[in-house]
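What follows is a single structure, written as structure tokens, with notes after it.
Derivation of every value follows stated rules applied to the coordinates shown; laboratory data play no part. Keep in mind that this is a model prediction, so the values were computed, not measured.
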Amino acid sequence: MESVIVTRHQALVEYIFREKIAPQGTKVIPHATAEEVTGMHVIGVLPLHLAALAAKVTVVEMDIPLSHRGVELSLANMDKMVTGVNTYLVWDVLSCKETVPGAD
């Protein structure tokens, strides 16, 4: 499955490559479209309507203090704030009612 990184934050890209969450050379895009994420393994943060189009979404989870929100983080900041890496499967419940248990 092909992967793509979706973020506008350079430190996050550096972290993803350094930690081998995605291989070097993985395409990086700052703002995703439906066409760019459909069926892909997306590493980054997506709105739910786009995440539902991806095959899976891997997120670098962070605990960011209020003092650092809205500012560009450094790789050193990220090292202190990352709390884990999780991969999610996201479905649009209305489009898959009959295939996802509990979707009704």
Checklist outcome for this item: Residue-normalised 222 nm signal for the chain, counting each DSSP H run of n ≥ 4 as -39,500 (n - 2.57), nearest 500 deg cm²/dmol, is -5000 deg cm²/dmol
Next on the checklist: I'd like the Kirkwood hydrodynamic radius of the chain, using the inverse of the mean 1/r over distinct C-alpha pairs, in Å.
Outcome noted: 14.7 Å
Checklist entry - What full-extension length gain, to one decimal in nm, is calculated for Glu72 and His49 as 0.36 nm per residue of separation minus the Cα-Cα distance? => result 5.7 nm
Checklist entry - Residue separation times 0.36 nm, minus the C-alpha to C-alpha distance between Lys27 and Arg8: what's the value? => result 5.6 nm
Item to check | From phi via Karplus (6.51, -1.76, 1.60), per-residue ³J(HN,Hα) for the range 80-92 in Hz, x at Gly/Pro | outcome: 7, 9, 5, 10, x, 10, 10, 10, 10, 10, 10, 10, 7
